[in-house]
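Written below as structure tokens is the structure these notes are about.
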Amino acid sequence: MTKKYFTTPIYYVNDKPHIGHAYCTLATDTLVRYWRQKIGTENVLFVTGTDENSQKTVDAAAKAGQEIHEYLDEMAAIWKETWQTIGISFDDFIRTTEPRHIKTVTDIFQKIYAKGDIYKGKYVGKYCTGCETFLKDSELDENGHCPAHRKAPQILEEDNYFFRLSNYETPLLKRFEEDPNFLLPESRRNEILSFIRSGLEDVSISRETAEFGIPLPLDEKHKIYVWFDALINYISALSTEGRKDFWSEATHIIGKDITRFHSVIWPAMLMSADISPAKEVFAHGFFTIDGVKMSKSLGNVISPVDLSEKFGNDALRMGLLSSFEFGNDGDFSLGNFAQFYETQLAGGVGNLFNRVIVLIHKFMDGRRPQASEKKDRHWNRFCEKMENKQIRQAIEIFFDLVDTANQTLNKTEVWKLAKIDLPAAEKVFGDLLGNLTVLTKMSEILLPESHQAMSDMIGNAESVGEAKILFVRQA
Ligand code: MSP
């Protein structure tokens with residue numbers, strides 16, 4: 001039986017979740033729901049969590065005047081609750097301060113060390129704590145600042161342990177050649193391939209000066225570099241009984257900003273530890289809000305919980321995922337979102353379900369019409385898109401089916417037809433109920449909170465259910 005293992009990045013806890021994080025987590029959750037429906041819940045594993053052994057966290061705890069563990073517990077709970085509030089169906093939530101993770105990191109470190117891929121050296125470089133990484137001069141902007149964090153990096157000079165990433169150029173290129181899906185989309189794959197071909201340098205994997213983190217097994221004065229530790233979470237989560245088989249089917253969903261870590265350093269670490277790399281990495285794009293980059297200083301950082309309180313979880317999910325194709329950069333417009341809610345959700349799918357069910361009650365006393373059994377081309381196309389992770393296109397197919405059903409209603413004027421030719425009208429109702437059934441099946445993936453109400457409306461073998469309002473109009 002096929003298995004699927006989906007992961008999101010584990011998030012830094014120096015701040016609360018914003019809709020950029022929610023976008024990644026909701027997209028992963030949507031893919032997970034598709035696969036659960038297709039291959040069974042027990043064959044899909046979905047893990048998310050928090051990345052806690054970071055200098056950012058130490059600084060944030062100090063700023064909040066809290067003891068580090070107290071701060072971490074509070075923040076990890078906020079992340080977990082946020083995901084629960086917005087309807088993320090994770091199977092496990094991993095924290096990198098948990099014993100199961102620390103043990104796995106220590107084991108993998110030992111394996112890599114035993115391979116001869118770890119050595120001690122001196123590092124002098126420019127370090128950005130925002131990125132938790134050393135930056136090359138060529139990566140800095142014209143002011144010598146980190147372009148992502150707009151801050152000058154710190155000059156660090158310290159003894160470090162290094163990982164021989166340079167040993168893995170050829171095996172990595174081979175892995176990419178063997179499997180065109182190892183990293184997608186294509187644009188990211190090409191970018192990473194040319195990065196590998198330009199020559200890989202060894203990477204530092206310990207911090208002598210770090211105040212907090214997992215101690216280096218060889219030398220307790222050092223802490224393991226946060227990224228080396230964080231990537232291993234994907235394996236730590238499988239230490240629970242019965243999960244080992246999931247590894248060969250792992251898909252990492254990430255943002256494009258962390259592609260190198262996931263498709264160069266991580267597979268090389270795994271190869272060194274004699275573990276096969278994950279099956280695939282998919283890097284999505286970043287989005288602006290109404291054309292402007294999201295940033296604290298601009299005050300346009302949006303909380304997913306605020307949006308979901310106003311419009312509901314289904315609208316949040318569909319609104320974000322339909323704004324631009326998964327894998328591309330895009331824009332999320334609050335104005336378009338409100339309009340999407342009114343026209344597509346309330347006026348489109350909500351109105352369609354309500355109208356059809358009301359009409360079946362009116363003209364057929366709620367008896368279930370013979371639903372048309374024809375294999376639906378919409379459904380097949382929808383599956384194809386979901387399997388290619390083209391979530392936006394899958395959503396378009398959903399709304400295309402809503403339009404098809406609305407056109408059937410309007411073209412046949414079934415409410416008039418029913419008065420003059422009931423058998424003909426019953427056939428139309430059957431076709432419409434067939435459409436609603438396919439939409440309901442799609443809703444288990446795209447609109448999970450409305451799914452039950454949609455199923456209830458479709459009813460059982462004898463009769464349809466009561467008509468309900470799926471999306472209350474806001475205006
Ligand atoms: N802790 C690391 C990941 C370790 S994974 C082993 C990290 N954390 S993060 O919290 O800074 O960001 C995680 C992910 O959030 C990014 O890769 C990206 O997927 C997502 N996003 C953060 N801001 C975003 C946007 N503005 N837009 C889209 N996604 C965004 O990096």
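The values are calculated or read from the model by the stated rules, or taken from the named source; none is laboratory data. Nothing here was measured: the structure is a model prediction, and the numbers come from that model. Cβ coordinates were reconstructed from backbone atoms using ideal geometry, including for glycine residues, and neighbour counts include every protein chain displayed. These accessible areas exclude ligands, DNA and RNA; they are computed on the full protein's heavy atoms, side chains included. Shrake-Rupley method; radii C 1.70, N 1.55, O 1.52, S 1.80 Å.
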| field | Residue check for Val58: in contact with a Phe, Trp or Tyr (Cβ under 7 Å, 6 or more places away or on another chain) and either surrounded by fewer than 21 Cβ atoms within 10 Å (Cβ to Cβ) or assigned to a helix (DSSP H, G or I) (or both) | value | yes
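Every residue, every condition in (1) in the same structural domain as Leu26 (by TED's automatic domain parsing); (2) modelled with pLDDT of 95 or more; (3) open to solvent by less than 40 Å² (accessible area, probe 1.4 Å); (4) within 12 Å of the ligand (Cβ to nearest atom), yes or no:
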{"position": "Thr259", "(1), (2), (3), (4)": "yes, yes, yes, yes"}
{"position": "Ser272", "(1), (2), (3), (4)": "yes, yes, yes, no"}
{"position": "Gly291", "(1), (2), (3), (4)": "no, no, no, no"}
{"position": "Ser295", "(1), (2), (3), (4)": "no, no, yes, yes"}
{"position": "Val305", "(1), (2), (3), (4)": "no, yes, yes, no"}
{"position": "Arg317", "(1), (2), (3), (4)": "no, yes, yes, no"}
{"position": "Phe326", "(1), (2), (3), (4)": "no, yes, yes, yes"}
{"position": "Asn351", "(1), (2), (3), (4)": "no, yes, no, no"}
| request: Could you check, for region 195-208, whether at least one of its residues is open to solvent by less than 30 Å² (accessible area, probe 1.4 Å), assigned to a helix (DSSP H, G or I) and touching a helix residue (DSSP H, G or I) at 6+ places or on another chain (Cβ under 8 Å)? | output: yes
| Filter result (more than 9 Å from the ligand (Cβ to nearest atom) and out of contact with any His (no Cβ under 6 Å at 6 or more places or on another chain)) within region 274-288 | Asp274, Ile275, Ser276, Pro277, Lys279, Glu280, Phe282
| query | Does Asp29 satisfy the criteria of being surrounded by fewer than 21 Cβ atoms within 10 Å (Cβ to Cβ) and either more than 9 Å from the ligand (Cβ to nearest atom) or without any contact (Cβ under 8 Å) to a residue 24 or more places away in the chain (or both)? | reply | no
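A quick yes/no check of all residues on (1) in the same structural domain as Thr57 (by TED's automatic domain parsing); (2) touching a Lys or Arg at 6+ places or on another chain (Cβ under 8 Å); (3) at pLDDT 95 or above:
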position	(1), (2), (3)
Lys122	yes, no, no
Thr129	yes, yes, no
Asn160	yes, yes, no
Phe163	yes, no, yes
Tyr168	yes, no, yes
Arg175	yes, no, yes
Leu183	yes, yes, yes
Phe195	yes, yes, yes
Leu218	yes, no, no
| field | region 111-127: number of residues that are surrounded by fewer than 17 Cβ atoms within 10 Å (Cβ to Cβ) and under 23 Å from Phe246 (Cα atoms) | value | 1
| request: Scan region 220-237 for residues that are more than 10 Å from the ligand (Cβ to nearest atom) and not in a helix (DSSP H, G or I) and report the count. | output: 6
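Mind listing just one residue for me: the one in region 238-249 that is part of a loop (DSSP other than H, G, I, E, B) and not polar (S, T, N, Q) and, of those, modelled with the highest pLDDT? Walk me through how you get there before you give the answer.
We begin by selecting, within region 238-249, every residue part of a loop (DSSP other than H, G, I, E, B); these are 240-243.
When the remaining residues are screened for being not polar (S, T, N, Q), the result is 241-243.
Values: Glu241: 92, Gly242: 92, Arg243: 97.
Here the answer is Arg243.
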| request: Could you identify the single residue in Asp431, Asp456 that is crowded, with 17+ Cβ neighbours inside 10 Å and charged (D, E, K, R)? | output: Asp431
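Could we say that His252 is more than 16 Å from the ligand (Cβ to nearest atom), closer than 28 Å to Val58 by Cβ and in a strand (DSSP E or B) here?
Spelling it out, it is not the case that His252 is more than 16 Å from the ligand (Cβ to nearest atom), closer than 28 Å to Val58 by Cβ and in a strand (DSSP E or B).
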| What do you reckon, is Lys310 open to solvent by 40 Å² or more (accessible area, probe 1.4 Å) and over 25 Å from His149 (Cα atoms)? | yes
| request: Can you work out which of the residues in region 176-192 that are in a helix (DSSP H, G or I) and open to solvent by less than 40 Å² (accessible area, probe 1.4 Å) is farthest from Gly327 (Cα to Cα)? | output: Phe176
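Residues in region 444-458: is at least one among the small types (Gly, Ala, Ser), touching a residue at least 60 places away in the same chain (Cβ under 8 Å) and not in a helix (DSSP H, G or I)?
No, region 444-458 has no match at all.
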| Which residues, counting only those in region 61-82, are buried (at least 19 other Cβ atoms within 10 Å of the Cβ) and in contact (Cβ under 8 Å) with a residue 60 or more places away in the chain? | Met75, Ala76, Trp79, Thr82
| said: Testing Thr41 on (1) touching a helix residue (DSSP H, G or I) at 6+ places or on another chain (Cβ under 9 Å); (2) open to solvent by 20 Å² or more (accessible area, probe 1.4 Å); (3) more than 9 Å from the ligand (Cβ to nearest atom); (4) hydroxyl-bearing (Ser, Thr, Tyr), one condition comes back false. Which one is that? | reply: (1)
| So which residues in region 105-151 are farther than 30 Å from Met294 by Cα, among the hydrophobic types (A, V, I, L, M, F, W, C) and outside any helix (DSSP H, G or I)? | Ile118, Val124
